[in-house]
1. Hey, with R₀ at 25 Å, roughly what FRET efficiency would L282 and E108 work out to, going by the Cβ-Cβ distance, to 0.05?
2. Of S198, P247, L216, which is farthest on the positive side of the dipole of region 196-323, counting Cα position, with +1 on Lys and Arg Cβ, -1 on Asp and Glu Cβ, and the Cα centre as origin?
3. If I build a Gaussian network model for the chain, linking alpha-carbon pairs within less than 10 angstrom, which residue out of V334, V138, V324 has the largest mean-square fluctuation?
4. For the chain, set up a Gaussian network in which alpha carbons nearer than 10 Å are linked by springs, and say which option among E364, E266, E48 fluctuates the most.
5. Give the percent of DSSP beta bridges with both residues in the chain that are antiparallel, rounded to the nearest 5.
6. So which lysines can K348 reach, going by Cα to Cα under 24 Å and dropping same-chain residues fewer than 8 places off?
7. Tell me, what HN-Hα J-couplings in whole Hz come from the Karplus equation 6.51 cos²θ - 1.76 cosθ + 1.60 at θ = phi - 60° for each residue of region 24-31, using x for Gly and Pro?
8. Which Cα, out of Q372, L52, L226, lies furthest along the positive dipole direction of the chain (beta carbon charges, K/R +1, D/E -1)?
Amino acid sequence: MQSPSFVVLMIDGFRGRALGAYGNTCSPTPALDRFASESLLFDRCLTESTQLEAIYRSIWTGQHAMPSGMASQHAPLIERLSDEGYSCHLVTDEQALITNPLAERFDEKVLIDTGATEFAVDLADSSFGKMFAAVAEVAGEWASEYEQPRCLWAHLRGFHAPWDAPIELAATLLEDDDPELLPSVAVPRQIVTDADESADEIFHATCRYAGQVIALDECFGALQKLFANIFPDEPPVVILAGTRGFPLGEHGAIGDAGVSLPYGEEFHVPLIIHSPYFDRSLQRHWPLVQISDLYEMILRAAQGNDPLPVARKIARGSTAAGDVFLQDDEWHFVRRADDTLARELYVKPDDLWEANDVAIRCPEIVEEWLRQCSSDPGQLHRSTPPT
């Protein structure tokens, strides 16, 4: 089999449950749900850090983002693809990725300005619209200029860029007695100490986030139609994923409010892979994966192999404040960095948003998880979880 081309769409702030395919009922996402229905969908993909630099170090080296005391044993992903004969292109609105040393082997790097101070009148002029137009332009050049296998890596600031999609998209979600939306494109960042007192702020942020999701869905649908036209015979493998989630008030914060949130709204991200070369369509993958598994998955697919990674028994992540979480099929454990006595334990999969801490009722389980915290994060997929 000829090496397939790749389009990798990484969207920052793209939280799990943002799509209908993951259980969202707040906003329509027909294009993304159609794509998910024809693809391999990972139900439980957890990112590994709240820091973008650490996340990309894990994706592009295949090493878990949490320090293990060992340097990566792998060459950078883009270097590996280049050595396999790939022409690699980076399109992003994130300056830090352009200068990242792990991105040196990209043949082309394009930086897009998605700064905005007001709502876009037309979707094409929004942050999502500009980024998807840049992706479409590179894809169009592929169709006419390149014969070798290609990798187009697009990183979108996404939900950390201005929320400048036409305000009418979010307004369509309002009922007659709902409060009006705030006329601002600023990304919401706010501590909410009481859900009842902050109900309006949470409602506004949720509706505005949903409006951005609708914009993403429309842009993605247009890109899919373009791909069908310009790649009728050899369509690329398309990977859609989030790098970080986005809190919407679940644990006392909206957005990046400067608090530590080692919970699902920050770490659970979508991961969907559509490949015409592997019989993995219409399949949901329940076992745990982490964002660093993309390294292995992409290389396996590039070499003509099934992209499914080795299953993890335990997933692990950390916040910028140093809080650590570990999760398996039954538990979500949190070790706080600011207080050595602070331990939290949540039952999975029942407690979807980590709302009911049962640590005080399960001291033996907590002690076993504390021992797991000292394990090398790169070896956790071979660990035995507490029972």
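The numbers here are math on the coordinates, done by the rules we state, and not lab data. What you are looking at is a predicted structure, and each value in this text was computed from that prediction instead of being measured. No Cβ is skipped: glycine too gets one built from the backbone with ideal geometry, and neighbour counts run over all protein chains shown.
1. Efficiency at R0 = 25 Å is approximately 0.15.
2. L216
3. Comparing V334, V138, V324 in a Gaussian network model of the chain, the most mobile one is V138.
4. Residue with maximal mean-square fluctuation among E364, E266, E48: E364.
5. Expressed as a percentage, antiparallel bridges in the chain total about 45.
6. Straight-line reach from K348, under 24 Å: K313.
7. Values per residue, Gly and Pro as x: 5, 10, 7, 9, x, 9, x, 5 Hz.
8. Highest projection toward the positive end goes to Q372.
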